[in-house]
Amino acid sequence: MRLATLRTETGTTAARMTSDATAIALDYPDVGTLLAQDGWEELALADGAVLNPEKDHFAPVILRPGKIICVGLNYAKHIDEMGHERPDVPTLFIKFPEALIGAYDDVEVPTFNAETLDFEGELAVIVGKRARHVQEAHAAEYIAGYAVINDYTQREYQKRTQQWHQGKSLEKTAGFGPWLDTEWRPGPAITTTLEGTVMQHSPTDDLVFSPAKLIEFISHIYPLEPGDVIATGTPDGVGHARDPKRYIQNGEAVRVEIEGLGAIENTTRVQSR
């Protein structure tokens with residue numbers, strides 16, 4: 001089952017996708033609100049109005065997650081290209097909801113933030129029920145499903161200190177969607193392209209810390225709630241690690257696709273402010 005948050009003339013609505021271009025509206029304003037309900041799986045099967053969404057109708061699949069937890073250094077080749085040692089525990093940082101945009105929305109960056117912009121295609125895990133002190137063996141039952149996310153990064157800001165957050169949460173930069181898929185499982189490849197050129201390509205199960213291990217680790221620090229998002233890390237091939245470095249320029253489009261799950265594509269627009 002695929003669940004999306006769609007923009008309508010009267011606001012947003014959670015919807016069950018019946019194909020890539022058709023959906024059934026559900027009686028909840030967004031997927032996050034739906035996941036907060038007991039028995040959301042059955043509620044998501046309800047009948048409703050038929051929708052025919054265009055690309056610009058896809059809002060971030062979770063509009064305002066309570067937590068967006070990002071994992072750094074979780075693909076071995078990416079760890080090597082960034083010059084780090086393989087970590088013993090997950091490297092976590094936080095992204096705020098203001099960073100999120102829809103699957104096909106433009107990235108909006110003011111001129112003062114427009115240097116050293118980079119792509120990080122990632123698999124996102126979306127939590128389906130409260131998880132506290134969960135063991136890895138039981139973690140799968142706390143996952144509502146998966147989506148695609150771009151951990152869009154301003155490298156100059158990121159590298160100013162040892163704390164990465166300031167380069168990782170620019171307003172209106174992180175494409176997220178197009179939907180939550182409850183049946184998809186890690187394994188198929190993730191591919192990131194910049195202006196049609198493949199920059200990243202890797203199996204999504206080639207992780208140092210699997211989604212189950214991440215849920216175990218994080219839930220022993222603080223509880224995870226329905227609608228919380230875990231961005232699981234990016235493969236090798238980011239622009240900052242290339243020689244010469246390859247940053248995103250004004251008007252360039254980044255597409256992140258995960259086989260069998262979906263794709264997002266966002267064009268960067270530098271704005272004078």
Original post:
Has segment 243-255 got any residue that is under 23 Å from ALA147 (Cβ atoms), within 16 Å of the chain's Cα centre (by Cα) and buried (at least 18 other Cβ atoms within 10 Å of the Cβ)?
Top reply: yes
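Do you know which of the residues in segment 87-143 that are part of a loop (DSSP other than H, G, I, E, B) and surrounded by fewer than 15 Cβ atoms within 10 Å (Cβ to Cβ) is modelled with the lowest pLDDT? Before you say what the answer is, go through the steps one by one.
Our first condition is that a residue be part of a loop (DSSP other than H, G, I, E, B); within segment 87-143, this holds for 87-90, 96, 102-106, 114-116, 119-120, 128-130, 132-135.
Checking the rest, the ones that are also surrounded by fewer than 15 Cβ atoms within 10 Å (Cβ to Cβ) come to 87-89, 115, 130, 132-133, 135.
Numbers: PRO87: 84, ASP88: 90, VAL89: 94, GLU115: 93, ARG130: 98, ARG132: 98, HIS133: 98, GLN135: 98.
Only one residue tops the list, namely PRO87.
Looking for whichever is buried (at least 16 other Cβ atoms within 10 Å of the Cβ) and on the phi > 0 side of the Ramachandran plot here; the options are GLY187, GLY260, GLY196, GLY233. Which one fits?
GLY233
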Original post:
How about segment 42-63: which of its residues are exposed (fewer than 14 other Cβ atoms within 10 Å of the Cβ), touching a strand residue (DSSP E or B) at 6+ places or on another chain (Cβ under 9 Å) and not in a strand (DSSP E or B)?
Top reply: LEU45, ALA46, ASP47, ALA49, ASN52, LYS55, ASP56
Original post:
Which condition breaks for GLU156 when tested against (1) outside any loop (DSSP other than H, G, I, E, B); (2) under 18 Å from the mean Cα position of the chain (by Cα); (3) surrounded by fewer than 18 Cβ atoms within 10 Å (Cβ to Cβ); (4) among the charged types (D, E, K, R)?
Top reply: (2)
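When you look at GLY239, is it surrounded by 19 or more Cβ atoms within 10 Å (Cβ to Cβ) and either within 30 Å of ASP38 (Cα to Cα) or at pLDDT 95 or above (or both), yes or no? Walk me through how you get there before you give the answer.
On the way: surrounded by 19 or more Cβ atoms within 10 Å (Cβ to Cβ): yes; either within 30 Å of ASP38 (Cα to Cα) or at pLDDT 95 or above (or both): yes.
Spelling it out, GLY239 is indeed surrounded by 19 or more Cβ atoms within 10 Å (Cβ to Cβ) and either within 30 Å of ASP38 (Cα to Cα) or at pLDDT 95 or above (or both).
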Subject >> segment 104-129 residues that are under 20 Å from ILE258 (Cα atoms), paired with ones that are assigned to a strand (DSSP E or B) and of a type in the set (Asp, Glu) (beta carbon under 6 Å, 6 or more apart) >> reply: TYR104/GLU265
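Restricting to segment 215-242, count the residues that are over 15 Å from the mean Cα position of the chain (by Cα) and within 27 Å of GLY128 (Cβ to Cβ). Walk me through it before giving the result.
Step one: of segment 215-242, the residues over 15 Å from the mean Cα position of the chain (by Cα) are 215-226, 236-242.
Restricting the remaining residues to those that are within 27 Å of GLY128 (Cβ to Cβ) gives 215-226.
The qualifying residues number 12.
The values are calculated or read from the model by the stated rules, or taken from the named source; none is laboratory data. Please read these numbers as outputs of a predicted model, since none were measured by experiment. All Cβ positions, glycine included, derive from the backbone under ideal geometry; neighbour counts span all protein chains shown.
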